[in-house]
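The values are calculated or read from the model by the stated rules, or taken from the named source; none is laboratory data. Remember, it's a predicted structure, so these values are computed and weren't measured experimentally. All Cβ positions, even for glycine, are placed from backbone atoms using ideal geometry, and neighbour counts span all protein chains on display.
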């Protein structure tokens with residue numbers, strides 16, 4: 001009898017933890033078709049393993065912030081990442097911070113100051129840790145197929161509210177986007 005009570009308790013306990021985790025940790029909201037306004041950005045071209053991407057990205061964002069301050073540039077929006085390649089093992093991207101313009105600058109290697117075009121996108125936002133972004137991309141992939149939309153430019157994500165604003169990852173908000181035709 002004790003054995004069955006212990007097993008039942010364990011099953012109920014694990015179920016409650018899974019339900020709470022599922023309801024409170026990551027929440028996804030599909031926004032459908034939108035217009036991304038575009039603009040100038042200062043960025044850094046990165047190539048890393050998927051495992052190390054977030055660590056390297058955070059270091060390089062700090063370096064970009066420092067460069068912006070040193071060169072007296074004006075920030076003009078939220079940090080974002082343009083994905084030029086995403087596989088199970090590797091990520092190639094441009095991490096970027098919007099700026100008001102791209103004056104003549106002495107850029108370090110792999111740095112770019114460029115214009116991101118105004119474009120139609122489909123988008124999804126999610127709350128939660130960035131390590132769980134794959135599930136958000138899967139949801140957006142399914143919406144792309146369901147709506148029969150064609151991608152015409154590199155996908156990107158905007159870090160609306162993240163680790164630079166709070167250490168509580170349950171409050172982080174990230175938008176992910178596919179440019180469409």
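Details
- Complete set of residues in the stretch 82-103 that are more than 12 Å from residue 49 (Cβ to Cβ) and in a loop (DSSP other than H, G, I, E, B): 100, 101, 102, 103
- Being assigned to a loop (DSSP other than H, G, I, E, B) and either surrounded by 18 or more Cβ atoms within 10 Å (Cβ to Cβ) or touching a strand residue (DSSP E or B) at 6+ places or on another chain (Cβ under 7 Å) (or both) is a property that holds for residue 153.
- Residues in the stretch 133-143 that are at pLDDT below 90 and buried (at least 16 other Cβ atoms within 10 Å of the Cβ): 1 in all.
- Sole residue being at pLDDT 95 or above and either within 15 Å of the chain's Cα centre (by Cα) or on the phi > 0 side of the Ramachandran plot (or both), chosen from 64, 46, 42: 46
- The set of residues in the stretch 110-137 that are under 15 Å from residue 83 (Cα atoms) and part of a helix (DSSP H, G or I) comprises 130, 133, 134, 136, 137.
- Screening the stretch 26-39 for residues that are closer than 16 Å to residue 79 by Cβ and assigned to a strand (DSSP E or B) and picking the one that is modelled with the highest pLDDT gives 39.
- Members of the stretch 86-99 found to be at pLDDT below 95 and surrounded by 10 or more Cβ atoms within 10 Å (Cβ to Cβ), listed by number: 86
- Filter result (assigned to a strand (DSSP E or B) and crowded, with 17+ Cβ neighbours inside 10 Å) within the stretch 51-81: 80, 81
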